[in-house]
Amino acid sequence: MTKSHGNFWQHKSLEQMNPTEWEQLCDGCGLCCLHKLEDADTGEISYTNVACRLLNTQTCRCTKYSKRKKLVADCVMLKPDQVATFKWLPKTCAYRLISEGKELFSWHPLVSGSQQSVHRAGISISGKIVSERDAGDMEDHIINLEFGDV
Ligand code: SF4
Ligand code: SF4
């Protein structure tokens, strides 16, 4: 008899996920593709509503995902052992939730079965952002983001 282990995100750690599972874990919110500013004195991170030039501002997906690191030098490619140390990850980020031993939200595509639920729940940044191509001075775009509350 085959023993059922349920859904992979409920029993695997980030380190145990295979590449497909790792990619599926991303909810597609796009929050981590927003530019952030770091206070030189305090180290405090502020989010802006300015998206990386490669982000589709409606779908919140990277338009050049496979070449992203080559095209955008400061694009962060998350790795399992970094997640807990990246305090700037939004509190809704699935990688952060799993690393903290928490459940995914009901709007997560893996739970809801729909890629659109992250948009419908108002978690994603779809339609709320400007591309860095049009933004101008980043300082004018700081938003009060409680790491997930857009
Ligand atoms: S914040 Fe997390 S869940 Fe959202 S797009 Fe980035 S990696 Fe994916
Ligand atoms: S290159 Fe793609 S994945 Fe990286 S920050 Fe830009 S939009 Fe996001």
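Quick notes on this structure:
- Of all residues in segment 94-132, those satisfying the criterion of being small (Gly, Ala, Ser), modelled with pLDDT under 95 and surrounded by 19 or more Cβ atoms within 10 Å (Cβ to Cβ) are 124, 126.
- Enumeration of residues in segment 17-31 that are under 16 Å from residue 122 (Cα atoms) and surrounded by 21 or more Cβ atoms within 10 Å (Cβ to Cβ): 27, 29, 30, 31
- Candidates are the residues of segment 13-53 that are within 13 Å of ligand 1 (Cβ to nearest atom) and closer than 14 Å to residue 74 by Cβ; the one that is nearest to the chain's Cα centre (by Cα) is 32.
- Residue list for segment 37-60, restricted to those being modelled with pLDDT of 95 or more and charged (D, E, K, R): 53
- Residues in segment 54-79 that are within 12 Å of ligand 1 (Cβ to nearest atom), of a type outside the set (A, V, I, L, M, F, W, C) and touching a residue at least 60 places away in the same chain (Cβ under 8 Å): 59 only.
- Residue-level check: of (1) in contact with an Asp or Glu (Cβ under 6 Å, 6 or more places away or on another chain); (2) outside any strand (DSSP E or B); (3) buried (at least 18 other Cβ atoms within 10 Å of the Cβ), residue 50 misses just (2).
- Considering 126, 66, the condition of being outside any loop (DSSP other than H, G, I, E, B), within 16 Å of ligand 2 (Cβ to nearest atom) and among the small types (Gly, Ala, Ser) is satisfied by 66 alone.
- Count of residues meeting criterion [surrounded by 14 or more Cβ atoms within 10 Å (Cβ to Cβ), farther than 16 Å from residue 118 by Cα and either within 14 Å of ligand 2 (Cβ to nearest atom) or among the aromatic types (Phe, Trp, Tyr) (or both)] in segment 72-93: 7
- Helices (runs of 4 or more DSSP H) fully within segment 76-122 counting 3 or more residues that are under 14 Å from the mean Cα position of the chain (by Cα): 94-99
- Of the criteria (1) modelled with pLDDT of 95 or more; (2) in contact with a Gly (Cβ under 9 Å, 6 or more places away or on another chain), which one residue 64 fails: (2)
- Pairs are defined by a Cβ separation below 6 Å, a sequence spacing of at least 6 or placement on different chains, a first member in segment 80-96 that is farther than 16 Å from residue 21 by Cβ, and a second member that is away from ligand 2 (no atom under 13 Å from the Cβ) and of a type in the set (Phe, Trp, Tyr); the pairs so defined are 90/147; 91/147.
The values are calculated or read from the model by the stated rules, or taken from the named source; none is laboratory data. Because the structure is a prediction, the values reported are computed rather than measured. Because the Cβ atoms are built from the backbone with ideal geometry, glycine has one as well, and the counts that use them run over all protein chains shown.
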